[in-house]
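Data block below; observations after.
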């Protein structure tokens, strides 16, 4: 049976719609540092590889990578969050400015450090990662400042994406405030959850957990998996639980090499097999999923069309090393190759 897809003409319509959208991205902002090198020997001090330095590069990460993804697909994008008063924040501002992403909503906090993730990579393989960050919950004043900035920017927005990486910016007070503002204006609200801290997630437009996160949110231990997600009773039970207890309009569970599962109340789950041909690096793939799905909806896609659209976008980025984005041309090429 031929898999459901999006025709070239319809893809052109959706891509054009993405280019006309305006998206606000709120949450844990990071700076990704990559140290590139090669390994030629094992250290005499310990059984670890010695990476000989070649070069380093920096990219916006976390919520900033979601913003990169919406921007690369053509949307007018503004990023809101908290950073420290440090050189990493300055570097992040510069990178975002170069890429045309609005960042006046990045608020400097003297008591927070800009999150920096340093990945050491040799021969296209990540050797180790070093995290420098503040993980304490944002205080009431910080949440209030961020909500005020969001309220100023919300008129004319098509969607808001909340990015929770468990670094403390996404608190219950912040999420409640964002939800209230979006509901009052009829703005689509997507969230990529992190069950590391408990938040009430009731009543969102889109929730995009991976399998592990979905089971944690449902409070269920993962059991035996089935290669066909639609025949996986554990997964089906978790999806039903989340739809009943959290009530998102749409639930998209990402399943790695098994693709995605789109769930809606009152409808049968829809499984989208992965279209990835080569997988070099899955870091940031979830960012691409929530960014491209949200944009597709803003462009007029049905839920199934948005899932197919985002599945192809993720299939492109996992074939790249490091946090990456997908361009409209790459997306179109990926559809042509299916």
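So which of 306, 314 is crowded, with 22+ Cβ neighbours inside 10 Å, part of a helix (DSSP H, G or I) and modelled with pLDDT under 95?
Residue meeting the stated conditions: 314.
Looking at segment 98-119, is at least one residue touching a strand residue (DSSP E or B) at 6+ places or on another chain (Cβ under 9 Å), touching a residue at least 40 places away in the same chain (Cβ under 8 Å), within 30 Å of residue 41 (Cβ to Cβ) and surrounded by fewer than 15 Cβ atoms within 10 Å (Cβ to Cβ)?
No, there is no match, as no residue in segment 98-119 is touching a strand residue (DSSP E or B) at 6+ places or on another chain (Cβ under 9 Å), touching a residue at least 40 places away in the same chain (Cβ under 8 Å), within 30 Å of residue 41 (Cβ to Cβ) and surrounded by fewer than 15 Cβ atoms within 10 Å (Cβ to Cβ).
Mind listing just one residue for me: the one in segment 317-333 that is at pLDDT 85 or above and crowded, with 20+ Cβ neighbours inside 10 Å and, of those, nearest to residue 57 (Cα to Cα)?
Ranking the candidates gives 325 first.
If residue 202 satisfies all but one of (1) surrounded by fewer than 17 Cβ atoms within 10 Å (Cβ to Cβ); (2) within 18 Å of the chain's Cα centre (by Cα); (3) part of a loop (DSSP other than H, G, I, E, B), what's the number of the condition it fails?
Status for residue 202: all satisfied but (2).
Cβ-Cβ below 7 Å, separation at least six or inter-chain, first residue in segment 120-131 and closer than 8 Å to residue 51 by Cβ, second surrounded by fewer than 14 Cβ atoms within 10 Å (Cβ to Cβ) and modelled with pLDDT of 90 or more: which pairs?
Pairs that qualify, where the first residue is closer than 8 Å to residue 51 by Cβ and the partner is surrounded by fewer than 14 Cβ atoms within 10 Å (Cβ to Cβ) and modelled with pLDDT of 90 or more, are 120/128; 122/38.
Quick grid of which residues meet (1) more than 18 Å from residue 67 (Cα to Cα); (2) modelled with pLDDT of 90 or more; (3) within 19 Å of the chain's Cα centre (by Cα); (4) surrounded by 15 or more Cβ atoms within 10 Å (Cβ to Cβ):
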| residue | (1), (2), (3), (4) |
| --- | --- |
| 128 | yes, yes, no, no |
| 137 | yes, yes, no, yes |
| 141 | yes, yes, no, no |
| 148 | yes, yes, no, no |
| 153 | no, yes, no, yes |
| 158 | no, yes, yes, yes |
| 161 | no, yes, yes, yes |
| 165 | no, yes, yes, yes |
| 169 | no, yes, yes, yes |
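Which of the following residues is in contact with a strand residue (DSSP E or B) (Cβ under 7 Å, 6 or more places away or on another chain) and within 30 Å of residue 162 (Cβ to Cβ): 43, 88?
Of 43, 88, the one residue that is in contact with a strand residue (DSSP E or B) (Cβ under 7 Å, 6 or more places away or on another chain) and within 30 Å of residue 162 (Cβ to Cβ) is 88.
So in segment 69-87, with the set limited to residues that are part of a loop (DSSP other than H, G, I, E, B) and touching a helix residue (DSSP H, G or I) at 6+ places or on another chain (Cβ under 7 Å), which one is surrounded by the most Cβ atoms within 10 Å (Cβ to Cβ)?
Among them, the one singled out is 73.
Pick from segment 13-44 the residues that are touching a helix residue (DSSP H, G or I) at 6+ places or on another chain (Cβ under 6 Å) and not in a strand (DSSP E or B): which of them is farthest from residue 159 (Cα to Cα)?
Top of the filtered list is 28.
The values are calculated or read from the model by the stated rules, or taken from the named source; none is laboratory data. These figures come from a predicted structure and were not determined experimentally. Glycine gets a Cβ as well: all are built from the backbone with ideal geometry, and neighbour counts include every protein chain shown.
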